[in-house]
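The values are calculated or read from the model by the stated rules, or taken from the named source; none is laboratory data. If you're wondering where the values come from, they're calculated on a predicted model, not measured in any experiment. Note that each Cβ is placed from the backbone with ideal geometry, even for glycine, and that neighbours are counted across all protein chains shown. Side chains included, ligands, DNA and RNA excluded: accessible areas come from the protein's heavy atoms. Shrake-Rupley method; radii C 1.70, N 1.55, O 1.52, S 1.80 Å.
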Amino acid sequence: MTFQADQGFSTRAIHAGQEPDPLTGAVVVPIYQTSTYAQDVVGETRAGYDYSRAGNPTRTALEQALASLEGARYGYAFASGMAASDTMIRAVLRPGDHLIIPNDAYGGTFRLVDKIGVPWGLTYSTAPLGDLDAVRAAMRPETKLIWCETPTNPLLGIADIAGLADIAHRSGAQLLVDNTFASPYLQQPLALGADVVLHSTTKYVGGHSDIIGGALVTSDEALAEAFAFHLKSMGAVAGPFDAWLTLRGLRTLALRMDRHCDNAEAVAELLTGHPRVGHVYYPGLPAHQGHQVAAEQMRRFGGMVSFTVVGGQEEALKVCQRTSLFTLGESLGGVESLIEHPGLMTHASVVGSILQVPNDLIRLSVGIEDVDDLLVDLRDALD
Ligand SMILES: Cc1ncc(COP(=O)(O)O)c(C=O)c1O
């Protein structure tokens, strides 16, 4: 073993699940681009692999690394964040069950629950997860799951993970935390009482805008068995090359996240008090509603900043089109800075619902470029 569970975050990011290849000594986990594996005797595999939907060594490496970084015993890598979300719902809930989702959830999560979960027999409520009393009030006898995002997409709301875990467990429900915005470097929900952590690894974990992927991690053996069974049975697995690229990104997560945070702090400072800016949403700002909780449960405050523009949607759209370094596009968490209008882009699926976002809102994924260049770009676009 080249790493131990108690070693530092970056040591584990680089070594967990990533022993030099036993056959050749290759220090980088190979891309096992194979669908099947030779067996010497019927039913006896050489290393536990029989078919790549059930298991693939490149995927295993990613799963072990992710589990280690979240302080979990088990990890599972999916074809997308939504595939991980779908698996969570089908593995844990049954028709008739109720779940609570944030009132500012990622639009795709809302669509999955509302358009696929409900016809399947689920019921759901939305609640402001930053308000524990509101969550308590939304609990029902048939509530089996609280689905938390913190920080939320795109309003950067903060929820108290330990408080939510307590509410869920007192009622025999479970808590899932979508940790996509924070990444395991900034926040480790299992240590705060969550039962499952979900990632869109497309974002900070992969970090280079070159893959779509998702993950579920847990330390609960029964949940782990259910995830493995559903992964194999439904087949929404991460392919070997995607798993390899994700692992390649994961190794530098700590370095990237610190730079994302440095740059986002400077961007939030620039926006705060700018005459063309209305409200700035960044949990690192002391005036942010969830600042205190974020300071307690996060290492730093992340690379996402949202803000409203004076002059409404028309002006917000103009700002989105005027930046040059901040590329107009969906997604987040890559090394390059992105700008988008959630109302018409990532969150179009919540238009007309209780989750509708302000139409003068802009969301920034602040990348790791030189911060001065980013500030000039934003200043020019706003002025
Ligand atoms: C918070 C959050 N969760 C889940 C997802 C879904 O992930 P994917 O796009 O990889 O399917 C996203 C995508 O934007 C997200 O932002």
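Values as computed for the structure displayed
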read-out: Any hit, the stretch 134-152, residues being among the aromatic types (Phe, Trp, Tyr) and within 11 Å of the chain's Cα centre (by Cα); value: no
read-out: Residue list for the stretch 301-325, restricted to those being under 24 Å from Arg256 (Cα atoms), open to solvent by 10 Å² or more (accessible area, probe 1.4 Å) and out of contact with any Pro (no Cβ under 6 Å at 6 or more places or on another chain); value: Thr323, Ser324, Leu325
read-out: Filtered residue count, the stretch 329-342, keeping only those that are open to solvent by 10 Å² or more (accessible area, probe 1.4 Å) and assigned to a loop (DSSP other than H, G, I, E, B); value: 5
read-out: Selection count where residues are within 15 Å of the ligand (Cβ to nearest atom) and either in contact with a Ser or Thr (Cβ under 6 Å, 6 or more places away or on another chain) or assigned to a loop (DSSP other than H, G, I, E, B) (or both), scope the stretch 110-153; value: 7
read-out: Single residue of Leu361, Leu317 found to be at pLDDT 95 or above and within 16 Å of the ligand (Cβ to nearest atom); value: Leu361
read-out: Test: residue in the stretch 195-211 that is more than 16 Å from Leu69 (Cα to Cα), crowded, with 21+ Cβ neighbours inside 10 Å, of a type in the set (A, V, I, L, M, F, W, C) and in contact with an Asp or Glu (Cβ under 8 Å, 6 or more places away or on another chain); value: yes
read-out: Of residues in the stretch 151-167 being touching a Gly at 6+ places or on another chain (Cβ under 7 Å) and within 30 Å of Leu361 (Cα to Cα), the one surrounded by the fewest Cβ atoms within 10 Å (Cβ to Cβ); value: Ala162
read-out: From the options Ala105, Ala84, Ala77, Ala65, residue that is buried (at least 24 other Cβ atoms within 10 Å of the Cβ) and either part of a loop (DSSP other than H, G, I, E, B) or at pLDDT below 95 (or both); value: Ala105
read-out: Segments classed as strands (runs of 3 or more DSSP E), wholly inside the stretch 172-249, with at least 1 members that are out of contact with any Gly (no Cβ under 8 Å at 6 or more places or on another chain) and either within 13 Å of the ligand (Cβ to nearest atom) or of a type in the set (A, V, I, L, M, F, W, C) (or both); value: 174-178, 196-200
read-out: Filtered residues of the stretch 1-55 (kept if β-branched (Val, Ile, Thr) and either touching a residue at least 24 places away in the same chain (Cβ under 8 Å) or surrounded by 13 or more Cβ atoms within 10 Å (Cβ to Cβ) (or both)); value: Thr11, Ile14, Val28, Val29, Ile31, Thr34, Thr45
read-out: The stretch 90-109, residues that are within 19 Å of Phe227 (Cβ to Cβ), more than 16 Å from the ligand (Cβ to nearest atom) and in contact with a strand residue (DSSP E or B) (Cβ under 7 Å, 6 or more places away or on another chain); value: Val92, Leu93, Asp97
read-out: Count of the stretch 168-188 residues which are without any contact (Cβ under 8 Å) to a residue 60 or more places away in the chain and either surrounded by 24 or more Cβ atoms within 10 Å (Cβ to Cβ) or in contact with a strand residue (DSSP E or B) (Cβ under 7 Å, 6 or more places away or on another chain) (or both); value: 5
read-out: Checklist (1) farther than 16 Å from Leu66 by Cβ; (2) surrounded by fewer than 23 Cβ atoms within 10 Å (Cβ to Cβ) applied to Leu245, failing item; value: (1)
read-out: Long-range neighbours under 6 Å by Cβ, at least six apart or interchain, first residue near the ligand (Cβ under 10 Å from one of its atoms) within the stretch 331-344, second modelled with pLDDT of 95 or more and part of a strand (DSSP E or B); value: Leu332/Ser365
